[in-house]
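A quick write-up on the structure given underneath.
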């Protein structure tokens, strides 16, 4: 699946997706509560449910997503909040180096269709984080009870629209060691790594070399 197809998929399901994703994840709430304040990035923001956490504590917030329709659902949710909306490819953010104090990249890295793009995207997050800035990354993992495999693999997962139309979504299901290897390969400084509800998480920190 190409990046263009990934974008088309999420443009197509954006409205329904937003209706079914009302609440922030608890692990993200915990991270945001302890993260540095300042300029916050919700990368692959979807409907903005996690960007909302940053906005509520007074950060300047950037909502970034490949899908224009997803950005529109975030705009609708956040209404008149002073949030910047940017349509970008996760592997080419176009944001200034060392410009972000806190970032979340939740349940999205695994939608990039190749290993090189996933690493490129992680490198972009490293580039934009300020020294001492913190980011939280999550990916769906083989540790989830849905899967009976121990090595990472590509798959598709159905999304069923209200009219019964089934839309395939690309996923790369990470194994924990593979996730660690990708983080290490791009030089991201990992300050915490944990697993929760079948997802692998990493808390990463920016440095002067970002």
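Observations on the model:
- Euclidean distance between Cα centres, segment 138-187 to segment 87-129, Å: 17 Å
- Placing dummy labels 7 Å off each Cα toward the beta-carbon, the span from residue 181 to residue 195 is 1.7 nm.
- Dividing the Cα radius of gyration of the chain by 2.2 N^0.38 Å, with N the residue count, gives 0.95.
- If you wrap the Cα atoms of segment 150-210 in a convex hull and average its projected area over all directions, you get 6.0 nm².
- The convex hull drawn around the Cα atoms of segment 1-94, when projected onto a plane and averaged over every direction, covers 6.1 nm².
- Distance between the 7 Å Cα→Cβ label points at residue 56 and residue 156: 3.7 nm.
- Mean residue ellipticity (222 nm) of the chain, computed from DSSP H runs ≥ 4 via -39,500 (n - 2.57), nearest 500: -10000 deg cm²/dmol
- Prolate/oblate/rounded label for segment 95-210 (Cα gyration tensor, a/c 1.5): prolate
- Relative contact order of segment 115-207, taken over Cα pairs closer than 8 Å and 6 or more residues apart, is 40 percent.
- Within the listed set 124, 52, 15, the residue fluctuating most in the Gaussian network model of the chain (springs between alpha-carbon atoms under 10 angstrom) is 15.
Bear in mind that the values in this text are calculations on the coordinates, not laboratory data. All values reported here derive from a predicted model rather than from experimental measurement. Positions of Cβ are generated from backbone atoms using ideal geometry, with glycine treated the same way; all protein chains shown enter the neighbour counts.
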